[in-house]
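A short write-up of the structure that comes next.
The values are calculated or read from the model by the stated rules, or taken from the named source; none is laboratory data. This is a predicted model, so every value here is computed, not measured. Positions of Cβ are generated from backbone atoms using ideal geometry, with glycine treated the same way; all protein chains shown enter the neighbour counts. For accessibility, only protein heavy atoms count, side chains too; no ligands or nucleic acids. Shrake-Rupley method; radii C 1.70, N 1.55, O 1.52, S 1.80 Å.
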Amino acid sequence: MPAYDPEAVRRFYNEYGGREWARFERPLGRVQLHVILKFLERWVPAGGRVLDAGSGPGRFAVWLAVRGCRLTLVDVSDAMLEEARQRLAGVPVEGFHRASYVEMPFLADGGFDAALCLGGSLNYMPDAAARALAELARVVRPGGLVAGSVMSTLGALHRSLHTGWSPADDGMDADDIRQVLRTGTLAPRGRPVTPHAADMMTLAQTEVLLHGAGLEPVAFSATDCLLAVPDARLAALQADPAAWAALLEAEVEACTRNPETGGHLLFAARRPG
């Protein structure tokens, strides 16, 4: 298990720049965004005080602001926070903090109705994920919600295969594939196959982490399931609006039933109280 290096994550996302926002503009990204927002709509109260930890460029904060939420953003990347500031211009945000949410001494206990950690930020801190979730649990009120996502071990492979990936694309051999599935690490045998120095997670691992942080899981979902297909196929399906609307409904249902099939695994959990 690699040690969490917040400065390495900061450098990666500072260089990643606008691609983080743009990934939800692609056809599959729009499907994933639809599923995520439906999940948040169900579990995050409109008008509440919400912490967006690992906020990135503010993709979800913008949506939360439209729902009247009072927002605080935390991200380890200067570039991501600056983009979020620009996209939230005119919105009365309570704070922008450049920090890792493993430790947030600048936030009081129990001050939020909900805390989010969407994307794969927990995967970048495998040895610190339990502390990070405990910190999110600390800053929400009793009965408050922690919602987030992790990159899924099985789901990432499922999505990649359905969208046309092959092991040769990343120079992986049979032993690499077995090692990734067994351990979740994207650096099998110490050889990174992606710039993401991350460990993917299973549903069982995620549940253990949530319970360890004193949180009670209430829901899980995938981010993509039926519609994890090549972009050209998605574009063709959208040509029939009525069928496309029905397929999006089916996608949300399928993701709820099969949370480990998507590239990311969504979770919602409550702080007892």
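Here the Gaussian network model covers the chain, with springs between Cα atoms less than 10 Å apart; of D199, D231, D170, D170 fluctuates the most.
The gain in end-to-end length when the R182 to L157 segment is fully stretched comes to 7.7 nm, 0.36 nm per residue minus the alpha carbon separation.
Springs between Cα atoms under 10 Å define the GNM used for the chain, and in it the highest mean-square fluctuation of V35, V76, V218 occurs at V218. Surface composition of the range 141-273: carbon plus sulfur atoms contribute 58% of the solvent-accessible area (1.4 Å probe, protein chains only, all chains present).
Between the exposed loop cleavage positions of the chain, defined as GluC sites (Glu not before Pro) in a non-H, G, I, E, B DSSP state with at most 15 neighbouring beta-carbon atoms within 10 angstrom, the longest gap is 104-273.
Residues in the chain average 44 Å² of solvent-accessible surface per residue, probe 1.4 Å, ligands and nucleic acids excluded. Extension gain, A174 to V62, is 36.1 nm, computed as 0.36 nm per intervening residue step minus the present C-alpha separation.
Note on the range 22-88: with neighbouring protein chains present and a 1.4 Å probe, carbon and sulfur make up 49 percent of its accessible heavy-atom surface. The amide H of A115, built 1.01 Å from its N in the peptide plane, has L51, L145, V146, A147 as neighbours under 5 Å, considering only residues 5 or more places off or on other chains.
Label 7 Å along Cα→Cβ of R19; the range 46-71 residues with amide nitrogen under 17 Å? 56-57, by backbone N distance to the label point.
For R85 and H211, a Förster radius of 35 Å and the Cβ-Cβ distance give a FRET efficiency of 0.45, rounded to the nearest 0.05. The stretch between A232 and R42 holds 65.4 nm of extra length on full extension. This uses 0.36 nm per residue minus the Cα-Cα distance.
For M125, the accessible surface of its heavy atoms amounts to roughly 10 Å² (probe 1.4 Å, protein chains only, rounded to the nearest 10). Rounded to 0.05, the FRET efficiency of the W165 and A204 pair, given R0 = 22 Å and the Cβ-Cβ distance, is 0.35.
Name the most mobile residue of P45, P126, P241, meaning the one with the largest mean-square fluctuation, in a Gaussian network model of the chain with Cα contacts below 10 Å. Among P45, P126, P241, the largest GNM mean-square fluctuation belongs to P241.
Entry note, the range 114-256: relative contact order of 26 percent, from Cα contacts under 8 Å with a spacing of 6+ residues. Applying the criteria of a DSSP loop state and at most 10 other Cβ atoms within 10 Å to the chymotrypsin sites (Phe, Trp or Tyr not before Pro) of the range 52-161 yields F106.
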